[in-house]
Each structure stands twice: as structure tokens, then as C-alpha cells.
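Worksheet: one structure, shown below.
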Amino acid sequence: MEPSSVKDGDGYEFCCCVGTANNAKIVRQCFQPNGQEPISSTDIGLPNQVLANGIDIARFTPPRKQTTQDIPLVVNDFRVAARNAIEADRVNDRANEYGGSLENLCRFALEVVDAIVKEIGAHKVGMRLSPYAAYMQSSDSNPKALGLYMAEALNKYNILYYHMVEPRMKAIGEKVDCPHSLVPMRKVFKGTFISAGGYDMEESENRTDLVAYGRLFLANPDLSKRFELNAPLNKYNR
């Protein structure tokens, strides 16, 4: 199966291989450019399967059997993917004006903000940042300094909001004890500050301007009303 990649055009592909080296059979899900099939060693698809939660159904895209002409192309895809992975190691290790110092590391993001503000207006622009997150080996050596620098830098653009994820949410779906918080960033940023990550009704007071709820809101579409009435909440299902 082809390694995952992002391509220009009308769509993108996202592929996950399942199987052994000489019998890789199918992908779990695949979004391909122009709706084309993923390629594999067989054209036999898998039937739908019930996921581990016992509720959701996994539907698999039928593959196209790989031809002899396909093999060199796929081999080259893996070569390019390996090179890209090496070059992207540690997320940003550039030695130019976009890497190294804190100012340089933030330069690209701020240039994007500047361009968008000029195009559509600051009142339609917001930024979300997760400096404490450690997903996919993307942790920062000094997340507090990064968050504070961006908060101060964004003030000059007068954007609508600054949306950050709490330090305690270092991994997807896991809330951990953490001595850090977003309060220092909130004090620096002059616009509307939005926080997300493990909040309940009471905890949000004096920590942020607005709270972004994800799982709780999905499980409780009337969440604000339940908070108002101090009513029990439905448990979310991951």
C-alpha cells in the first residue's frame, strides 16, 4: 500500500497499511485524489467490521490490485516518504530565518496571520495553539515561553481570539496532573482568550474568557442548559 501523503488538487489521501510485508491486504480507510482506489496486492476487499467500542462500523475501501508497472512507483513513494520524514525530524530544525530562535520559530505563523488579517480583516481571524502538546514527537523545549511570545506578538494584529489547549492535555484524550496553566498567556493577550482541555463547569471561573468543550458537548448538546440547572451530564463515548 502506498504511504500516506498530501497532494495538491481536489483531494488528499490518508492510508493505513494492514498485514504482512508479502501479504498486505487492505487499508482501513482511504481518501484518495479524485476518488481513485488504493492499491494493494489484491483486489479483494474486507467486509465491514464492528470497531472495538461495539458501536461504530469500519467500512473499507476496495483496493485495486497492484500491477508490475505500479511497483517502481510505490517503491519511489516510500523512498520520498523516508527522506521527508528525516528532513522533518523534530518538527522544526531549520537553520535559516524560520528556525533556531523563538522569534524565528514563530515567524512563519505570524507571517500567515499578517497576510490573512490584511486579506479579510482581524475581526475574522483567530489562532489556536497547543504549545504543551507532545503529539507525534512535536513537543517544544520551552512551551511556556512559546505561548507567551505568541500571545504578545498576536496583540499587534488585534485578532478576534487566541485559543489554547491546557498543558494537562499532553496526549490525546488524557488529562494529567500538571503544575502549569494558561493563565499567564491569558494575562498577556489583550483579546478574547479561549481555553480547552478537561474543563468542568466550576473550574473555568477566573481562568479564561471562554471555554471550548468537545466531548462533553457532543454527549450533551444542551450542555449550557445543564450547567445552568446543575443537571447531570451524559457520559461521552470515545
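The values are calculated or read from the model by the stated rules, or taken from the named source; none is laboratory data. Note that the structure is a prediction, hence the values are computed from the model and not measured. Using ideal geometry, Cβ is built from the backbone for each residue, glycine included, and neighbour counts are taken over all protein chains shown. Quick note on the areas: whole protein, heavy atoms, side chains included, nothing else; ligands and nucleic acids left out. Shrake-Rupley method; radii C 1.70, N 1.55, O 1.52, S 1.80 Å.
At pLDDT 60 or above, outside any loop (DSSP other than H, G, I, E, B), surrounded by 13 or more Cβ atoms within 10 Å (Cβ to Cβ) and among the small types (Gly, Ala, Ser): does that describe residue 85? Show your work before the answer.
On the way: at pLDDT 60 or above: yes; outside any loop (DSSP other than H, G, I, E, B): yes; surrounded by 13 or more Cβ atoms within 10 Å (Cβ to Cβ): no; among the small types (Gly, Ala, Ser): yes.
It is false that residue 85 is at pLDDT 60 or above, outside any loop (DSSP other than H, G, I, E, B), surrounded by 13 or more Cβ atoms within 10 Å (Cβ to Cβ) and among the small types (Gly, Ala, Ser).
For segment 208-231, the count of residues that are part of a loop (DSSP other than H, G, I, E, B), closer than 27 Å to residue 118 by Cβ and modelled with pLDDT of 90 or more is zero. Of all the numbered requirements in (1) at pLDDT below 80; (2) over 26 Å from residue 83 (Cβ atoms), residue 55 misses one, and that requirement is (1). Scan segment 97-120 and give yes if some residue there is at pLDDT below 85, aliphatic (A, V, I, L, M), under 17 Å from residue 193 (Cα atoms) and open to solvent by less than 30 Å² (accessible area, probe 1.4 Å), otherwise no. No: segment 97-120 contains no residue that is at pLDDT below 85, aliphatic (A, V, I, L, M), under 17 Å from residue 193 (Cα atoms) and open to solvent by less than 30 Å² (accessible area, probe 1.4 Å).
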